[in-house]
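Below is one structure, written out as structure tokens; comments come after it.
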Amino acid sequence: MDYIIVSILTQKNENSLNVSFSFMTTSSLELVLRNQELNILWKLTCFKGIKEASTALVLNSCLEMHCIFSIKALSLRQTSCMLNEQSLNQLNRMTSCYVVHEAPVRRVAIFGGTHGNELSGVFLVKHWQENGDEIQRTGLEVRPFITNPRAVKKCTRYIDCDLNRVFDPDNLGRQITEDIPYEVRRAQEINHVFGPKNSNDAYDLIFDLHNTTSNMGGTLILENSRNNFTIQMFNYIKNALAPECCPVFLIEHPNLKYATTRSIAKHPVGVEVGPQPQGVLRADILDKMRKIIKHGLDFVHIFNEGKEFPPCTIEIYKIMEKVDYPRNKNGEITAVIHPSLQDQDWQPLNNGDPIFLTVDGETINYEGDCTVYPTFVNEAAYYEKKQAFVKTVKVKLTAKGIRSSLS
């Protein structure tokens, strides 16, 4: 397919039903609905790259109508035709199929301290454990939880290995022995309490709070591009925070497996806020994180109360690949992040732009055939992972309309 339905809205009047469709398309468009009598107004709004009316689109098997629009009408981005009164119920059924009934969200966890030296999440979770009024919502169980207490106590990223990378089947099913890494044992304990992963008993939603030394602002991390609930939540949070920027980072990739702490939930949400040095608290970063959680919980509450969220489209940054620093034959770094790239997370990087600077003053430029958007630029924790920054591309994701199945 070279088009995506991004929204369908209906408005019933006394003698007519207005049905508005929004599309993203890279080719021509023809709407097919079969009916002879023309009594009900129908409207189409389309945009992006419409060339000619020749491609057929079938909108649900329950109803078809044939309507070919002229180039002139399409260039005006709006046209209309009529349907008979007998199609009214069928149209309502057709449009209702774009609202997904999701199970209500009843159990939510807020994780802090997955990395023990990222202090905003640790600070907030400990506060909410003492006084949780701020995070409570009617009909919702919200549990703040310190995931890596030993690392928090030592104010270090981890004890034996990265807790945020061991929630895979092999580690979760690994036999407990004396020499098993602490974080693997801890992952099994967390999975027992909040999971099991990929089961009906797993927590509905987990917010996992992180800090970064990179200039990423308040970033939301998405793990699944087909999770309508999470995309709708992110859209709500972004709108609530506007005009403040709130990037969405999609880490879905066939060759990059993260196995994150939050991945045991049905709806995993990563919250990455920076820049903030490791082992340090900043009031502005703390405030960004706190607002994201507030708006996220507000969304869950009104979703559970029965509000229907129409289809939405959000702009996201999708991970492409990780970029290492230049190194010599001994594996030692030979260049640093170029000043032009430093602190430029989410900003466009084009072919020929500087990315690294050697000690001798030589500039190393980016070589690529398309614009990318770097993030996690010069992240302190990723030196050990041999990662200077991550390349992303900007794309749009569409979520179906959702409504609580019990409302």
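The values are calculated or read from the model by the stated rules, or taken from the named source; none is laboratory data. Model, not experiment: these values are computed from the prediction. Note that each Cβ is placed from the backbone with ideal geometry, even for glycine, and that neighbours are counted across all protein chains shown. Ligands, DNA and RNA are stripped out before the accessible areas are found, and what is left, the full protein with its side chains, is counted by its heavy atoms. Shrake-Rupley method; radii C 1.70, N 1.55, O 1.52, S 1.80 Å.
Considering the stretch 291-331 alone, what residues qualify as being more than 30 Å from residue 372 (Cα to Cα) and either in contact with a strand residue (DSSP E or B) (Cβ under 8 Å, 6 or more places away or on another chain) or surrounded by 20 or more Cβ atoms within 10 Å (Cβ to Cβ) (or both)? Show your work before the answer.
From the stretch 291-331, those more than 30 Å from residue 372 (Cα to Cα) are 294, 297-310; that's our starting set.
Residues satisfying the conditions are 297, 299, 300, 303, 304, 305, 306, 307, 308, 309, 310.
Yes or no: the stretch 243-259 includes at least one residue that is of a type in the set (Ser, Thr, Tyr) and open to solvent by less than 40 Å² (accessible area, probe 1.4 Å).
yes
Every residue, every condition in (1) touching a Phe, Trp or Tyr at 6+ places or on another chain (Cβ under 7 Å); (2) crowded, with 17+ Cβ neighbours inside 10 Å; (3) modelled with pLDDT of 95 or more; (4) of a type outside the set (Asp, Glu), yes or no:
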site	(1), (2), (3), (4)
195	no, yes, no, yes
198	no, no, no, yes
203	yes, yes, yes, yes
212	yes, yes, yes, yes
222	yes, yes, yes, yes
225	no, no, no, yes
229	no, yes, yes, yes
233	yes, yes, yes, yes
240	no, no, yes, yes
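Identify all residues within the stretch 246-287 that are within 23 Å of residue 173 (Cβ to Cβ), in contact with a helix residue (DSSP H, G or I) (Cβ under 6 Å, 6 or more places away or on another chain), part of a loop (DSSP other than H, G, I, E, B) and not polar (S, T, N, Q); write none if there are none.
Hit for the stretch 246-287 is 259, nothing else.
Return the residues of the stretch 369-407 that are open to solvent by 40 Å² or more (accessible area, probe 1.4 Å) and in a helix (DSSP H, G or I); say none if nothing qualifies.
380
Being under 27 Å from residue 299 (Cβ atoms) and either surrounded by 12 or more Cβ atoms within 10 Å (Cβ to Cβ) or basic (Lys, Arg) (or both) is true for just one of 190, 180, 159. Which residue is that? If you could, list the steps in order and put the result at the bottom.
Working: 180 fails: under 27 Å from residue 299 (Cβ atoms); 159 fails: under 27 Å from residue 299 (Cβ atoms).
Result of the check over 190, 180, 159: 190.
Pick from 333, 285, 302, 292: which is within 25 Å of residue 252 (Cα to Cα) and of a type in the set (A, V, I, L, M)? Please lay out each step first, then the result.
Details: 333 fails: within 25 Å of residue 252 (Cα to Cα); 285 fails: within 25 Å of residue 252 (Cα to Cα); 302 fails: within 25 Å of residue 252 (Cα to Cα).
So the residue among 333, 285, 302, 292 that is within 25 Å of residue 252 (Cα to Cα) and of a type in the set (A, V, I, L, M) is 292.
Filter the stretch 99-131 for residues that are more than 12 Å from residue 146 (Cα to Cα) and assigned to a strand (DSSP E or B); which is least open to solvent (accessible area, probe 1.4 Å)?
108
Between residues in the stretch 132-151 that are on the phi < 0 side of the Ramachandran plot and residues that are aromatic (Phe, Trp, Tyr) and surrounded by 13 or more Cβ atoms within 10 Å (Cβ to Cβ), which pairs lie under 7 Å by C-beta distance while being six or more apart or on different chains?
Correct list of pairs: 134/128; 135/128; 144/128; 145/111; 147/111; 148/158; 150/182; 151/158.
Tell me whether the stretch 245-266 contains one or more residues that are in contact with a Leu (Cβ under 7 Å, 6 or more places away or on another chain), among the polar types (S, T, N, Q) and at pLDDT 95 or above.
yes
Could you list, in sequence order, the residues of the stretch 199-225 that are of a type in the set (D, E, K, R) and touching a strand residue (DSSP E or B) at 6+ places or on another chain (Cβ under 9 Å)?
If the condition is that a residue be of a type in the set (D, E, K, R) and touching a strand residue (DSSP E or B) at 6+ places or on another chain (Cβ under 9 Å), then 204, 208, 223 are the ones that fit.
Would it be correct to say that residue 271 is β-branched (Val, Ile, Thr), crowded, with 17+ Cβ neighbours inside 10 Å and either touching a residue at least 40 places away in the same chain (Cβ under 8 Å) or touching a strand residue (DSSP E or B) at 6+ places or on another chain (Cβ under 7 Å) (or both)?
Criteria met by residue 271.
For residue 337, indicate whether it is within 19 Å of residue 212 (Cα to Cα) and buried (at least 19 other Cβ atoms within 10 Å of the Cβ).
Taking the combined requirement at face value, the residue satisfies it.
Please count how many residues of the stretch 232-260 are in contact with a Lys or Arg (Cβ under 9 Å, 6 or more places away or on another chain) and among the polar types (S, T, N, Q).
2
Among the residues of the stretch 135-173 satisfying the criterion of being under 24 Å from the mean Cα position of the chain (by Cα) and in a helix (DSSP H, G or I), which is nearest to residue 275 (Cα to Cα)?
Taking the candidates together, the pick is 164.
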